[in-house]
Each structure stands twice: as C-alpha cells, then as structure tokens.
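Note sheet for the following structure.
Derivation of every value follows stated rules applied to the coordinates shown; laboratory data play no part. Just so it is clear, the model here is predicted, and its values are computed rather than measured. Quick reminder, even Gly has a Cβ in these numbers, built from the backbone with ideal geometry, and neighbours come from all protein chains shown.
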Amino acid sequence: MKLLLFILPVAVSLSWGGVQPRAQFRMAVDSSVVPDRYLVSLKIGHTLSEHWETIGQDLSKDGEDFRYMETINVYSVTLRDEYIVHNTIRTDPQVEDVEMDYYISFPEFESEEYYAIDHPNSTV
C-alpha cells in the first residue's frame, strides 16, 4: 500500500506533464562557494524581461546584490531561498545553467621577485 501511494503522485505528474526539465546546476567541489550567491546564464536571445515574465518574479528587485553582465547574458544574485533557485529559475527553458558563485584565489608572489626600476619621469 505504501508503494502505491508513492507511485501514484509520480504517475499522475508524468501523465499531466507536470515534470519540467530543469537547467543544469553546478557547484564547486571545494569550500570556495559563496553562500546564497548564484550565477544564472540565459540562452542566447533570451532577455531579462522575458526571463522575469517566465518565472513570474523580477529578481533585480526581489533578490539582493543583483548584477547583470549583458555581454555574456549572465546575472548574479544573492538569494536566501533555495526553492526559488531550484523550482523557479531552473525551470525556465531558456536558462542555460545555474551555478553557485565561488571565490577565486590568485597565487601569492614573493616580494623579492620584484625590484624598483628608475624611470626618468619618476618623482619618487
């Protein structure tokens, strides 16, 4: 009986087309992830206004620290509610992928490797 109760909702959602494909979700495997910060890549030709209409929410107003990088059609946003990420943003068929933002570290350089160069116009 328990098995039947588990299978029934799945069968009903499949028959009604209730299962929507979701955009790929990526996350760094180390601890460099920025908590609650996401990068959303939109497919070529999909605009922010079309995206807001599809998901029913304008994250430039509803999210925190929103930034849009128009040249690559990607936006970053801080969202405290994972439900919005996984059940709203990722269900837009025109979203290429969603990725957790992450910190990037650069190699440290030894100061001894650099030296001052005298320049004729230098005031120091």
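Odds and ends about this structure:
- Computed 3J(HN,Hα) for segment 96-108, one whole-Hz value per residue from the Karplus formula 6.51 cos²θ - 1.76 cosθ + 1.60 where θ = phi - 60°, is 6, 6, 10, 9, 5, 5, 8, 7, 10, 10, 9, x, 7, glycine and proline marked x.
- Cut-off under 5 Å, modelled amide H: who pairs with ASP97 long-range: SER41
- TYR102 long-range amide H proximity, modeled H, under 5 Å: VAL34
- Stokes-Einstein diffusion of segment 21-104 at 37 °C, 0.692 mPa s viscosity, Kirkwood radius from Cα pairs, rounded to a whole number: 257 µm²/s.
- FRET efficiency, 1/(1 + (r/R0)^6) with R0 25 Å, evaluated for GLN24 and ASP65 via beta carbons: 0.60
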